[in-house]
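**Q** Can you read through this structure? Questions will come right after.
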């Protein structure tokens, strides 16, 4: 796997995992402040979600890398 291809795979996996992780732990305020959307989360914890996303992506990407290096799956 070349550096460019590996980076592209990592990028796609990272965004996919981020969209999976984003809804976890979201709490919506019963009485939102004036000017905020009623569905806006009170504390989205984005830093924790970005860290969790990166860790999960590294694990998933490593498994994909292992499969490709050992030729366990043929792509041709």
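The values are calculated or read from the model by the stated rules, or taken from the named source; none is laboratory data. Since this is a predicted model, take the numbers as computed values, not measurements. Glycine also receives a Cβ, built like all others from the backbone with ideal geometry; neighbour counts cover every protein chain displayed.
**Q** Every residue in segment 21-42 that is at pLDDT 90 or above and surrounded by fewer than 11 Cβ atoms within 10 Å (Cβ to Cβ), please.
**A** Once the filter is applied, which keeps residues that are at pLDDT 90 or above and surrounded by fewer than 11 Cβ atoms within 10 Å (Cβ to Cβ), segment 21-42 yields 23, 24, 27.
**Q** Considering segment 43-76 alone, what residues qualify as being in contact (Cβ under 8 Å) with a residue 40 or more places away in the chain and surrounded by fewer than 10 Cβ atoms within 10 Å (Cβ to Cβ)?
**A** 69
**Q** Take segment 33-76 and flag every residue that is farther than 21 Å from residue 6 by Cβ, in contact with a helix residue (DSSP H, G or I) (Cβ under 6 Å, 6 or more places away or on another chain) and part of a loop (DSSP other than H, G, I, E, B).
**A** Answer for segment 33-76, where residues must be farther than 21 Å from residue 6 by Cβ, in contact with a helix residue (DSSP H, G or I) (Cβ under 6 Å, 6 or more places away or on another chain) and part of a loop (DSSP other than H, G, I, E, B): there is none.
**Q** Then there is this: For segment 13-32, give me each residue that is touching a residue at least 12 places away in the same chain (Cβ under 8 Å), part of a loop (DSSP other than H, G, I, E, B) and within 20 Å of the chain's Cα centre (by Cα). Explain how you work it out, then say what you get.
**A** Here is the first cut: in segment 13-32, the residues touching a residue at least 12 places away in the same chain (Cβ under 8 Å) are 13-14, 17-18, 21-22, 24-29.
From what's left, part of a loop (DSSP other than H, G, I, E, B): 22, 24-27, 29.
Hits for segment 13-32 are 22, 24, 25, 26, 27.
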